[in-house]
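Just so it is clear, none of the values below were taken in a lab; they were calculated from the coordinates. Computed from a prediction, not measured in an experiment: that's the story for all the values here. Counting neighbours? That spans all protein chains shown, and the Cβs are built from the backbone with ideal geometry, glycine included.
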Amino acid sequence: MTPEAEFNLGGVVKEQLLELQEFTLLLWRGFRNIFQRPFYFDDTLRQMDVIGVGSLPIVILTGFFTGAVMALQLSATLAAYGQVERTGELVAISLVRELGPVLASLMVAGRNASGMASELGSMVVTEQIDAMRALGTDPIKKLVTPRLVATLIMNFFLAIIADIFGVIGGWIYAVLGIGLDSRQFWSSAFYALDFRDLVQGLTKPVVFGIIVAAVGCYFGLRARGGTEGVGRATTQAVVAASLLIIMSDFVISRVLITFIGQLH
Amino acid sequence: MLSSTSGHDSLESAGAAGPVLRFENVHLAFDGLAVLRGVSFIARRGETKVLLGEAASGKTLLLKLALGLQRPDSGAVWVLGQPVSDLPESRLFALRRHIGMVFQESALFDSLSVRENVAYRLREEHELTEDTIEQRVRRALSFVELEEAIDKMPGELSGGMKRRVAIARALSSEPEVMLYDSPTGGLDPITSTTIMELIIKLRDENNVTSLLVTHRLQDAYLLATHVWDTQNRRLRAAAPERSHTSFLLLREGKVWFDGDGHQLMNSGDDYVKTFME
Ligand SMILES: Nc1ncnc2c1ncn2[C@@H]1O[C@H](COP(=O)(O)OP(=O)(O)O)[C@@H](O)[C@H]1O
Ligand SMILES: [Mg+2]
């Protein structure tokens, strides 16, 4: 390796570490503000509306069809072992542990991480963020904290809704497509779920919600260079948030299974 | 006006008596590229300092440094006797109450009405009643002669109206210092004159100290040769020494020229001359 190449590699690593540091700092300041006056309740409620109500239709559709396709695919495999009546169980477990939280959060990331990045990004390039500071407002408190809180809360409920509609989708396919008994599907789905599954299924959307909001705001706030820069920030935010969700999903699963275990 | 000696007072006494704005050997670089390389100047109470310079010479940065939105790599910025460049953000919020800024493209909050834009700071302070806020908003809007637009959204306004709302918003806390970033940029000549008239009125009627970035020589000329006639409510021609206006030309990160209108127009320096053409 030439000295120059070495130098550049060092530079790149240093840059990445600096970015990570800045990201962490933003996250820390965003959370610290939750407990400091002034509180921007109105802004938080408006964000909850944008994120929660706005994402509801796509999360319902995502959950429903994911559940249906799971029933379709799993029942075929289970039939080979003569255990097709366990379809409900497998659909419920995979939805609650993984697919509900992950897919709902990916949808929220696609919609809201990009939305936040473009909104804050255009505020940066039109100097509205500077204007806010000039007028005595901390933009982190006014813009980032409400988005963090709102996404964290709404993503939690959206994941539950994705789970519910997923099981409904699976049930409809199981009854109409495979001819399973309705009551059997529901009881197998219901009894399969253990509190440890719920812990996993409810921890993940909270963490993913934080990722979506923090990444969206981070890329938005560091947008530079006019509308082009805002577009770039928007794309980067969706890609980064989606990747972080999928990678952290593995880490959270691993850690939770280590500490609280898993039934099946 | 202050006596000419007060500009050389020590920093400790730079409160009421010293210059309102003071830059001391300010350096600032981005990604290793030096933009400001030792900028020093002062502005006294009631004075308007016109900042001239090529694109990307750092004019906007000087305004942001004065507000504490940017911090210098080295050197110091003093505003109203406070060391802006060293204050923590929490202390800066209090100081910024006394400094109004009009951003280049107005930077109005898109999602808020004209009323809410102008009321923004007053609401953030959580101290005033609704009635007082409404009164103050109307007073600021009537100063810029735009009271009828109070319920409009920024998207419905023309460029000149936006600029006037931005001035009203900056005035809501009745600041002693105003910072204008190309306040006439992108406006037609007639609208530009209206805006400049407001700025001169603030200078002469309210004794506001200001930094003003402009690309238009007409603006600089108007500032240097006209004063606000309080009796007749219009501009009146006056000798440059009565206009409390001085000029600062930035070049390659340094102050290339700093002086009044007479000195600027009679300068023998080639760069100043090409700049004045
Ligand atoms: N936050 C920033 N990050 C990186 N570069 C910046 C930043 N702010 C200003 N600059 C650079 O500093 C230079 C001067 O900017 P500016 O003060 O806006 O110039 P102008 O005189 O046109 O107002 C430009 O080259 C600009 O790209
Ligand atoms: Mg500029």
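Details
- Whole-number D in µm² s⁻¹ for the stretch A:143-264, Kirkwood Cα-pair radius fed into Stokes-Einstein, 10 °C, 1.306 mPa s: 94
- A simple spin-label model places the labels of residue A:14 and residue A:181 7.1 nm from each other, with each point 7 Å out along Cα-to-Cβ.
- Pair-distance profile P(r), taking every C-alpha pair of the stretch B:121-277, with 10 angstrom steps and integer %: 10, 35, 33, 16, 6, 1
- Linear extension gain, residue A:247 paired with residue A:227, 0.36 nm per residue minus alpha-carbon span: 4.2 nm
- Exposure proxy ranking, count of Cβ atoms within 10 Å, fewest first, for A:132, A:123: A:132, A:123
- Spatially, the stretch B:65-121 and the stretch A:40-112 are offset by 46 Å when compared through their Cα centroids.
- Dimensions of the stretch A:41-254 based on its C-alpha atoms, expressed as ranges along the principal axes with the largest first, amount to 68, 32, 31 Å.
- Taking other Cβ atoms within 10 Å as a rough exposure proxy, B:161, B:265 sort from fewest to most as B:265, B:161.
- Principal axis analysis of the Cα atoms in the stretch B:85-173 yields extents of 39, 31, 23 Å, listed in decreasing size.
- In this structure, residue A:172 and residue B:153 have a Cβ-Cβ separation that, at R0 = 60 Å, corresponds to a calculated FRET efficiency of about 0.85.
- The mean number of Cβ atoms from other chains found within 10 Å of a Cβ in peptide B:103-110 is 5, as a whole number.
- Over all directions, the projected convex hull of the C-alpha atoms in chain B averages 15.4 nm² in area.
- Each helix, a run of at least 4 DSSP H residues, gives -39500 (n - 2.57); summed and divided by the residues of chain B, these come to -10000 deg cm²/dmol at 222 nm.
- Here the label points at residue A:24 and residue B:236, each 7 Å from Cα along the C-beta direction, are separated by 6.5 nm in the simple model.
- Peptides A:134-144, B:24-34 ordered by packing proxy, namely the average of other Cβ atoms within 10 Å per residue, highest first: A:134-144, B:24-34.
- Distances between every pair of Cα atoms in the protein assembly as shown, grouped in 20 Å steps from 0 to the bin holding the largest one, split as 19, 42, 25, 12, 3, 0 percent.
- The fewest-to-most ranking of A:119, A:22 by surrounding Cβ atoms within 10 Å reads A:22, A:119.
- Whole-angstrom Cα spans of the stretch A:15-153 along principal axes, big to small: 69, 35, 29
- Cross-link pairs beyond the 21 Å C-alpha cut-off, checked among A:142/B:152; B:201/B:254; B:64/B:254: A:142/B:152; B:201/B:254
- Peptide B:153-166 shows a mean partner chain C-beta count of 0 within 10 Å per residue C-beta.
- Measuring nothing but how far apart in sequence close Cα pairs (under 8 Å, 6+ apart) lie, relative to its length, chain A scores a relative contact order of 31 percent.
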